[in-house]
Structures are given as C-alpha cells and as structure tokens.
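This report concerns only the one structure given below.
The values are calculated or read from the model by the stated rules, or taken from the named source; none is laboratory data. Predicted model, so just to flag it, every value in this text is computed and none were measured. Positions of Cβ are generated from backbone atoms using ideal geometry, with glycine treated the same way; all protein chains shown enter the neighbour counts. Quick note on the areas: whole protein, heavy atoms, side chains included, nothing else; ligands and nucleic acids left out. Shrake-Rupley method; radii C 1.70, N 1.55, O 1.52, S 1.80 Å.
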Amino acid sequence: MKFEINRDLIVEGLNKVCKVVSAKASLPILQGVLFEVDVDEIRLTGSDADETIVHSIPVDGQSVSVIDTGKTVIPRQLLDILKRSRKQITFSLDGFQTTITSGKSEFELNCLDPEEYPKFPEMDEEQPHLVLSGERFSSFVKKTAFATSKVETRPVLTGVSINIKSDCIELVSTDSHRLGKLSYQRDSKEEFNIVVPAKALENCIKIFDSKLDVELIADEQMILLKNGETKFLSRLLDGNYPDTSRLIPDGYKADMRIARKEFLDSIEHVKEIANVADNGKGGVVKLHVNGVAALSSHQAQTGKGRVETVYNQLEGEDEFTINFSAKFLIEALRAFDCDEVSFLFQGDMKPFLLKPTEKTDVDEVQLILPVRTY
C-alpha cells in the first residue's frame, strides 16, 4: 500500500471517523482506523462496535494519487501527527509498519492486521427509506435529541423514535419528565418505526455537511445514514417506545404568547439562584402570570431573584402559577427557531406545552411536567 494525499483531505476524513474511535475500546483493533486503498478511492473506517463511520476520499490523480493498493489498521494517534504535517503526505506500508513522510518529517507507526477488523453488515443503499436536506436533518435532531433520557434505566428512552407514516414523518423524544415532538408533512411509500440512539444522531450532525442531503436506510437492527462521501452506521434500540400521543392534551386553560428570546433571557437570568438547590443541575423556578410573566426563585441559603417579562397576548385564565425545571424550559426554548411561542397552561400540576405561534410545514411541540413544591 502506497499513496500520496493532501493533508487537509486526510485530516478532514480522520476527524470524522475518529469521533467513534476510543483509546479505551474493548477490542484493540477498534483503537485504530481501517485504511482501505483502492485505485478509485481511499476508505477510512472508525468504529466502537455500536457506531461506525466510513468516509471515502476519491482518487483524482492530483490531490490523491495511489501507487499501490492495500489495507491496514493505523492507530488513531495518526490524526495528531498529521495535523502538524505539511500539505502533501506520503503513506507507505511495509508488512505491519506504515511510514508517513511529509517534507523533512518521517514517522513509522506499527499497524494491526486489517483482517481482524470487524465486518459490518451491508445494507441496500439503492432505495433509501427517507431523504432529507442536511439542514432539515440537523434541525430535526437538535429539536428532539436533547429531551431523551441520559440514564440506562429504560434504554429505549435514550433514543429518538422516528416514525415514517404514509403522510408524514414524526420524531418523538422523552425522558418521562419532558417530551419533544415534531411532525413533518410529506408522502411516503413505506411505513415503519425505529428508535435511534440520541448519541448517534448527535454524532451525525457533528460530522455531516449540512449543505448535502442525508439518506436514511434501515432494517430491523441497524440504521445507515449517508451524507455525501460519509456513511454513519448505528445499532437501533430494542423495545417498544411508549405511546406518547395521549400526553398532549387538546384543550388548555390559558394561552400566553410571549417573545421567545426575551422569555429565554429571563429564565437564564434567574436560573443561577435556582441552580444552587441541586448543584447546578437545573433548579426550580416559579412562573406567576398576572399582567406580566414573573419568573422567580427563592433559596434559603442563597437568596431570591425575580424577573418580569411582558407577554404579547393572553387568552383564557388571566392569572396562574406553575413551578418547573429551569434547565428543561431553557433547553425547550432553545430548540425553537421562532420569534414567538405559545405557553399553554393546563393547571398548576399538569404538563404545560410550548409551541411556535407561526405555522410552518413542521408541527412541533415541547411538553414539560411541573415540579411539586412544598
């Protein structure tokens, strides 16, 4: 195996695949990156057994030239070496040792047997189940993945439910204390439901190019996401995702319309006092609506704070009070792109909803359970 390549191209590829390569991997072979050099492309593969990233670099004879084909597994430390290298880099494999030359620099790295690298299932990529623009895919992940559970008590809740129906795509996430849900109207020839680990989706948007489409291919155990020359393969979560449709009520007692950015600034302003109560993990804030939206927090050891925000419109009950997690409300408000949200109040101990007031082709809602205080 011998090839020459532009440093930026190889560093870009390694930055992507190394997102799932760890020095603590249980299998030593997974602590490195699989290089497969053919006459038409160089494929880089990184994996932690649950998630796999494959990035292909086309051979063009200028930025990338292949002298000899072959394959090997090179330690991930290669990335740190190449970041400091010059523009043009030459790789040359001799047995289980790769020599990397760049200008006056030369490194020799001991490699591993590529035949020991795990083989991953092949999936039919000709007919993707779903195609979204990169920007839309990234937006959908950011609006849902944050609301998944961060503990493994119920593993299925650490994932995002993706339900493709005949007339729409529906994404749902919940940790049993809050819920994020969006529905995007579009026709589909196939119907299926999968639960994708939120961590996998968040890794995807870190490495995908938002200017390129994202193709989704899935079977009963795996999901493959393609974005240009990059592929992301992940295991799906087992188990039945809970039916969350009953959690979102049809009616409400009050609908407060308020500027999202001002509401967010207010809750962030008062959260510091609230955070003291639970070591900075979120804290409890009280919202009292009576002519203005007043956010307040009171901790005996620290003191108290109060911030008032003028709302734009209020329908229904003109006075109410509810307590909730500051962290949950902040994350929910950040998930929206709109200027104004509706705060839908059901009762002081019933979940409240947040929705954009402007109608678009994406119907989205955030639901948060209140906190009981004594």
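Of the two radii for region 133-187, the radius of gyration is 1.01 times the Kirkwood radius, both from the alpha carbons; that is the Rg over Rh value.
Amide H contacts of Met222 (H built 1.01 Å from N, in plane; Pro and chain starts excluded): Leu236 sit under 5 Å, all sequence-distant by 5 or more or on other chains.
What FRET efficiency would be calculated for the residue pair Glu12, Glu268, taking the C-beta separation as r and a Förster radius of 45 Å, to the nearest 0.05?
0.80
Of the heavy-atom accessible surface of region 283-338 (probe 1.4 angstrom), what whole percent is carbon and sulfur? So the carbon and sulfur contribution to the accessible surface is 42 percent.
Think of a 1.4 Å ball rolled over the protein heavy atoms: region 42-152 then has 54 Å² of accessible area per residue. GNM on the chain, alpha-carbon springs under 10 angstrom: the most fluctuating residue among Arg178, Arg84, Arg246 is Arg246.
Multiplying the residue separation of Lys87 and Ala25 by 0.36 nm and subtracting their alpha-carbon distance yields 19.2 nm.
Considering only Ala259, His177, Gly239, and ranking their Cα positions along the charge dipole of region 173-309 that arises from unit charges at the beta-carbon of Lys, Arg, Asp and Glu, the one farthest toward the positive end is Ala259. Kindly list the residues of region 47-84 that lie in the label zone of Val39, defined by a backbone N under 14 Å from the point 7 Å along the Cα-to-C-beta vector. In region 47-84, the label zone of Val39 (backbone N under 14 Å from the point 7 Å along Cα→Cβ) covers 59-61, 66-70. Once you reduce region 150-186 and region 301-325 to the center of their Cα atoms, the two points are 29 Å from each other.
Quick one: pull the percent of accessible area on region 103-259 belonging to carbon and sulfur, 1.4 Å probe, ligands and nucleic acids left out. Exposed carbon and sulfur together represent 44 percent of the surface. When only the Cβ of Lys, Arg, Asp and Glu is charged (+1, +1, -1, -1), the dipole of region 1-148 relative to its Cα centre reaches about 920 debye.
Protein heavy-atom accessible surface, 1.4 Å probe, per residue over region 201-355: 51 Å².
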